[in-house]
Amino acid sequence: MLLTMKDRISFHDQIASNKRKSFFLLLGIIAVFVILGYVIGLIAGEGYFFIIMILAIIIAIIYVWVGFYNSHKIALSSVKAKKASQSQYPDYHHSVEGLCLASGLPKPELYVMEDSNINAFASGRNPKNAVICLTTGALEKLDKQELEGVLAHELSHVANYDIRFMTLTAVLVGMIAIISEIFLRTLFFSSISKGGGDRDGKAQIVILIIGVILAILAPIVVMLVQLAISRKREFTADASAVKFIRSPTGLKNALKKIKNEHKPNSEQKHHYSKSVAPLFISDPFKRNIKGLFQTHPSLEKRIEILEKM
């Protein structure tokens, strides 16, 4: 199908659009955080709210400090990845070196994981501490152009500081979950002081019910927003990959190969945790999940956009 200039999508516009959407989705998480805090403050009083906030912040900081500074080690360990030697995988190293030279990025450490399916992921808190891991299936099944497309996608995650961005998102999501959990548990095991002066009993009950509902729903809502941000970052990485290599063909064809081997809900054993699934270029578990609960945008949609670039 021939595309007119009007039908074509600029990768610059695609990158800018997805970054804007990610930013506004992040603002949505912050808004939920503020609203939840405000309602808890109305119900319990400022003193109680600050105790919850302090506990949540301490727990979140400890969790993030460990996870953020060791994210690449945790990810590599969970998939039992091994370092890719230059003598054994020369094409892998040469492709990454060429892309890093073109993009101005430092060369990340390269790893390989045993998996017959085509897949890849990047991790690390910044470009100087980044790693890229490919499956053996990707190295065996992709040609040079397709391999460069996949590697450009992963380097785009590094260049766009996606790990840092998603860590910030995870912090906010985690804090909301912790605050909600502490509030709900304390609500049922202790008496809550009235924090509203002249409010009558009925108004207090209404606010209390709203607070409980919000505390239950808030973690679910922000988790959905987190997944939406993850999908937008995949679109951004696709567009940035096109910017790096000045062609959508390699990545587009690689995604088509992934799609062809993508059998939803296939009974395939994996030796790694589902928690690392969002890192991959495609959901490694091939779950037939649609809509809001997808960790990745559909391969069909990604291919469609790349075909218009």
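Only residues that are in a loop (DSSP other than H, G, I, E, B) and either crowded, with 21+ Cβ neighbours inside 10 Å or touching a Cys at 6+ places or on another chain (Cβ under 9 Å) (or both): list them for the stretch 95-114, please. Within the stretch 95-114, Pro106, Lys107, Pro108 qualify.
No other residue among Ala237, Ala277, Ala228, Ala254 is in a helix (DSSP H, G or I), at pLDDT 80 or above and over 13 Å from Val150 (Cβ atoms) apart from Ala228.
Within the stretch 230-243, the only residue that satisfies the criterion of being hydrophobic (A, V, I, L, M, F, W, C), out of contact with any Asp or Glu (no Cβ under 9 Å at 6 or more places or on another chain) and crowded, with 24+ Cβ neighbours inside 10 Å is Val242. Looking at the stretch 280-298, which of its residues are surrounded by 15 or more Cβ atoms within 10 Å (Cβ to Cβ), at pLDDT below 90 and touching a helix residue (DSSP H, G or I) at 6+ places or on another chain (Cβ under 7 Å)? Residues satisfying the conditions are Ser282, Asp283, Pro284, Phe285, Gln294, Thr295, His296, Pro297.
The values are calculated or read from the model by the stated rules, or taken from the named source; none is laboratory data. Only a predicted model underlies this, so the values are computations on that prediction, with no experimental measurement involved. A quick note on method: Cβ atoms are made from the backbone with ideal geometry, for glycine too, and the neighbour counts reach across all protein chains shown.
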